[in-house]
Every structure is written in structure tokens, then in C-alpha cells.
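Inspection log for the structure reproduced underneath, given as C-alpha cells.
The values are calculated or read from the model by the stated rules, or taken from the named source; none is laboratory data. This structure is a prediction, so every number in the text was calculated from the model and none was measured. Note that each Cβ is placed from the backbone with ideal geometry, even for glycine, and that neighbours are counted across all protein chains shown.
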Amino acid sequence: MFIERRASCRVSIACKISMVLGEKQVVLNCHTENLSTGGIMVIIEENITPSTVVDLELFLWDKEKPLKCKGQIVWFNEIAPKETKPHLFNTGIEFTEISDSDKEEIGKFIQYIISTWQ
């Protein structure tokens, strides 16, 4: 039996994000695989250690400017065989520093997506 442990509703949606990896100052541009008010899941070519802090810019479809926040890598899974290039990783990121208004914007966006897909 599967038990959902997530605290907030999640939608499978592709939104552009830019991510700066902590002290490395590596910038990754990718897309979300899914989104909630508590975090995101992305597929990236980097194997990032859990607990790594990242700076995020999240571009929602209905906004001109990105939402800016901080997050922390909480898990990753390799999804492409090691023999292939590039290596790909599903990566879960929890929002750790996000304004209440930005969290509310994400919630409204998610509700809009849910209501239009039904």
C-alpha cells in the first residue's frame, strides 16, 4: 500500500528554472518535472549531494518575472545508465526560504493547473 507523505498538492508540470549550486556557483537551467508549494522535482545532469543549498529562480507560465527562493536538495535518483552520456538524475528540492507571497503564487498556479486539466 502506497502512503502519500507529501504535505502539499503536487502537479506534474514543466516550468523553467535556474538553479545556482551553493559555493560552486554552477548555474543549471532546466525544467521542473513537478511542483508543489513545498518544493520541486527536476531532472538534471548533476549528481548533487543531499543537503546542498541552492538558489532558485522559478518561472511560472503566468508571470513575467521569476519567483526567487532558496532550496535544499533532499534526495536524488540516477535515471540513466552509467554507460550513457549524459547521466541524468531525478532530484528533489525542498523550498527552505520562500516568501509567503511567492508560496501563495505557486499555490494559485497549481490550483489553476488542476482546474483547467479536469
Subject >> Residues of the range 26-62 classified as loosely packed, with under 12 Cβ neighbours inside 10 Å and touching a helix residue (DSSP H, G or I) at 6+ places or on another chain (Cβ under 8 Å), total >> reply: 2
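Is it the case that the range 76-88 has a residue that's closer than 12 Å to Ile17 by Cα, out of contact with any helix residue (DSSP H, G or I) (no Cβ under 9 Å at 6 or more places or on another chain) and either hydroxyl-bearing (Ser, Thr, Tyr) or part of a strand (DSSP E or B) (or both)? Steps first, answer last, please.
Start the filter on the range 76-88 by keeping residues that are closer than 12 Å to Ile17 by Cα, which leaves none.
Scanning the range 76-88, I find no residue that is closer than 12 Å to Ile17 by Cα, out of contact with any helix residue (DSSP H, G or I) (no Cβ under 9 Å at 6 or more places or on another chain) and either hydroxyl-bearing (Ser, Thr, Tyr) or part of a strand (DSSP E or B) (or both), so the answer is no.
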Original post:
Checking Gly71 against (1) surrounded by fewer than 19 Cβ atoms within 10 Å (Cβ to Cβ); (2) part of a strand (DSSP E or B), which test does it fail?
Top reply: (1)
Original post:
Within the range 33-51, is even one residue touching a residue at least 24 places away in the same chain (Cβ under 8 Å), closer than 14 Å to Thr96 by Cα, assigned to a loop (DSSP other than H, G, I, E, B) and of a type in the set (Ser, Thr, Tyr)?
Top reply: yes
**OP:** Could you list all residues from the range 52-65 that are under 14 Å from the mean Cα position of the chain (by Cα) and under 21 Å from Asp102 (Cα atoms)?
**Re:** Val53, Val54, Asp55, Leu56, Glu57, Leu58, Phe59, Leu60
Original post:
Name the residues in the range 74-99 that are in contact with an Asp or Glu (Cβ under 8 Å, 6 or more places away or on another chain), modelled with pLDDT under 90 and either under 19 Å from Leu58 (Cα atoms) or surrounded by 12 or more Cβ atoms within 10 Å (Cβ to Cβ) (or both), would you?
Top reply: His87, Leu88, Phe89
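To keep it simple, each residue is scored yes or no on (1) of a type outside the set (Lys, Arg); (2) touching a residue at least 40 places away in the same chain (Cβ under 8 Å).
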position: Val54; (1), (2): yes, no
position: Lys65; (1), (2): no, no
position: Asn77; (1), (2): yes, no
position: Leu88; (1), (2): yes, yes
position: Ile93; (1), (2): yes, yes
position: Thr96; (1), (2): yes, yes
